[in-house]
Amino acid sequence: MATVLYITAHPHDHQTSFSMAVGKQFIESYRDAHPQDEVITLDLYKQDIPHIDADVFSGWGKLRSGSSFDQLSASEKSKTGRLNEIVEQYVAADKYVYVSPMWNFSFPPILKAYIDAICIAGKTFKYTESGPVGLLTDKKAIHIQASGGVYSEGPAASFESGHSYLKKIMQFHGVSSFEGIFVEGMAATPDQAESIKDKAIAKAKEAAKSF
């Protein structure tokens with residue numbers, strides 16, 4: 001049995017959001033194809049994800065210096081403890097499904113906060129004399145991204161900073177199997193929006209079977 005984290009970064013649901021609509025169909029098809037697997041849904045807008053701030057740096061510094069967790073301040077305990085829970089859950093999973101819109105060429109800031117929470121040395125990567133090495137080599141991931149214009153290819157591809165950034169993070173963590181499903185061009189060609197969504201859903205359903 002595999003554990004799948006279904007990670008969504010959109011404030012709207014599948015009835016309003018193109019990315020969430022495709023994501024919903026993907027995960028439903030995945031459940032049908034892999035009924036023995038556990039799917040954990042993480043709506044990042046409903047998660048407590050501490051930002052990396054002064055309390056976090058202070059708490060981490062104290063722990064590295066030999067202080068016990070009980071010696072941290074209340075804020076340091078709350079934030080560092082929660083960050084540890086997030087990364088432990090991430091490391092324990094086998095597969096990751098990311099769902100997000102493109103906002104201003106990237107993804108919503110809540111997803112960046114989550115990425116910061118899982119980029120922890122000793123957990124998802126480690127430092128070596130020859131540079132950092134990813135520790136999640138046995139994992140796989142897929143990213144479903146929706147955008148009003150077309151950014152996965154063509155003249156605007158150089159502006160795309162959402163999927164490409166997440167790809168770098170997956171490589172950094174050692175995740176060698178990383179795919180992308182793009183739902184794009186709905187604002188540029190609104191008369192084709194439903195057709196674009198339907199094609200992306202068909203692709204998502206097919207990808208779910210072998211994920």
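The values are calculated or read from the model by the stated rules, or taken from the named source; none is laboratory data. Please read all numbers here as calculations on a predicted model, not as lab measurements. Virtual Cβ from ideal backbone geometry, glycine too; neighbours counted across all protein chains shown. These area figures cover heavy atoms from the full protein model, side chains too; ligands, DNA and RNA do not enter into them. Shrake-Rupley method; radii C 1.70, N 1.55, O 1.52, S 1.80 Å.
For the range 122-135, indicate whether the set of residues that are in contact (Cβ under 8 Å) with a residue 60 or more places away in the chain and not in a strand (DSSP E or B) is non-empty.
Checked against the condition, which is being in contact (Cβ under 8 Å) with a residue 60 or more places away in the chain and not in a strand (DSSP E or B), the range 122-135 yields no hits at all.
Regarding VAL91, is this residue of a type in the set (A, V, I, L, M, F, W, C) and either more than 13 Å from the chain's Cα centre (by Cα) or part of a helix (DSSP H, G or I) (or both)?
Taking the combined requirement at face value, the residue satisfies it.
Name the residue, out of ILE142, ILE181, ILE201, ILE169, that is out of contact with any strand residue (DSSP E or B) (no Cβ under 9 Å at 6 or more places or on another chain), closer than 22 Å to ASP43 by Cα and either of a type in the set (Ser, Thr, Tyr) or buried (at least 17 other Cβ atoms within 10 Å of the Cβ) (or both).
Being out of contact with any strand residue (DSSP E or B) (no Cβ under 9 Å at 6 or more places or on another chain), closer than 22 Å to ASP43 by Cα and either of a type in the set (Ser, Thr, Tyr) or buried (at least 17 other Cβ atoms within 10 Å of the Cβ) (or both) holds for just one of ILE142, ILE181, ILE201, ILE169, which is ILE169.
Return yes when LYS79 is part of a helix (DSSP H, G or I), touching a helix residue (DSSP H, G or I) at 6+ places or on another chain (Cβ under 6 Å), in contact (Cβ under 8 Å) with a residue 12 or more places away in the chain and not acidic (Asp, Glu) and no when it is not.
Yes, satisfied.
Any idea which residue in the range 58-109 is least open to solvent (accessible area, probe 1.4 Å), counting only those that are more than 30 Å from VAL39 (Cβ to Cβ) and charged (D, E, K, R)?
Restricting to residues being more than 30 Å from VAL39 (Cβ to Cβ) and charged (D, E, K, R), the top hit is GLU76.
Which numbered condition in (1) closer than 23 Å to GLY81 by Cα; (2) free of Cβ contacts under 8 Å to residues at least 12 places away in the same chain is the only one that ALA9 fails?
(2)
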